[in-house]
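All remarks here apply to the structure that follows.
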Amino acid sequence: LNLVSNQLTGPIPSMIGNLTNLTYLGLNDNQITGGIPPEIGNLTNLTSLNLGNNQLTREIPPEIGNLTNLTYLNLRDNQFLGLIPSEIGSLTNLNRMFLYNNQLTGSIPPEISNLTNLTELGLENNHFSGLIPSEISNLINLTKLILNDNQFTGVIPESICNLIENNCLINITNNQLCPPYPSCVEDFVGEQDRSDCD
């Protein structure tokens, strides 16, 4: 079901959950409002979900963790609030996940380390805080890790060097990360707000 760039307005109907044979749902680049209905979790055959560039709000529902066949998840450029649900760790087939340009808060859930097939993870330009979890180094297939323009604090885990050694492109600028920085990331640190560093 591809309804991209159709000037659609209003909320996603809960009846979307009846389309249990869907493998692709593209509603990006519209003006859809409201939240993601929890019934989205019924679409267990989905391999691609693109809701990017709409006016969606509220929290990402935990039912998204039911979509265990997803390889592509794009929720960028909306107004999502709250945390990344820990259930995201069930999406072990994901190759690419884009949550950037939202208003998401809290820390990266450690369950993200289950997503070992991820090649691209875009979380930039949100309100994420807390530590960058050392478990992120489990994502051995990452080629892009984009975390800039958030409020991450503390020290950068040394384990992030494992990703860089695998030629992963990393952007961690414009956070609140404190020195000492692992030598592998010194070229990537860029501007940091160190006002809360010791």
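The values are calculated or read from the model by the stated rules, or taken from the named source; none is laboratory data. From a predicted model like this one, the values you see are computed outputs, not experimental measurements. Positions of Cβ are backbone-derived with ideal geometry, glycine not excepted, and every protein chain shown enters the neighbour counts. Each accessible area value is taken on the protein alone, full model and side chains, heavy atoms only, with ligands, DNA and RNA left out. Shrake-Rupley method; radii C 1.70, N 1.55, O 1.52, S 1.80 Å.
A run of the chain free of exposed loop cleavage sites, with GluC sites (Glu not before Pro) counted only in DSSP states other than H, G, I, E and B and at most 12 other beta carbons within 10 Å, reaches its longest extent at 1-185.
Ligands, DNA and RNA left out, the 1.4 Å accessible surface of the chain is 44% carbon and sulfur atoms. Only one residue of CYS168, PRO110, MET97 has its Cα farthest out toward the positive end of the dipole of the chain, where Lys and Arg carry +1 and Asp and Glu -1 on Cβ, and that residue is MET97. If you average the alpha carbon positions of segment 145-198 and of segment 63-140, how far apart do those two centres end up, in angstrom? For segment 145-198 versus segment 63-140, the Cα centre distance is 18 Å. Give me the tail of P(r) for segment 16-55 as a percent: Cα-Cα pairs with distance above 15 Å. That tail contains 40 percent of the Cα-Cα pairs. Taking the Cα centre of segment 19-161 as origin and assigning +1 to Lys and Arg Cβ atoms and -1 to Asp and Glu Cβ atoms, the resulting dipole is close to 160 debye.
Values of log10 I(q)/I(0) for segment 1-69 across q = 0.19, 0.21, 0.27 Å⁻¹ run -0.70, -0.86, -1.38, by the Debye formula with one identical scatterer at each alpha carbon and no solvent. As a ratio to 2.2 N^0.38 Å, the alpha-carbon radius of gyration for the chain is 1.04. The C-alpha atoms of segment 82-180 occupy a region whose extents along the principal axes are 31, 31, 19 Å, arranged from largest to smallest. Cβ screening of the chain for cysteine pairs under 4.7 Å finds these without a partner: CYS168.
Looking at segment 72-138, the pairs of alpha carbons with a distance over 13 Å make up 63% of the total. Taking all protein chains into account, the per residue accessible area for segment 50-198 stands at 43 Å² (1.4 Å probe).
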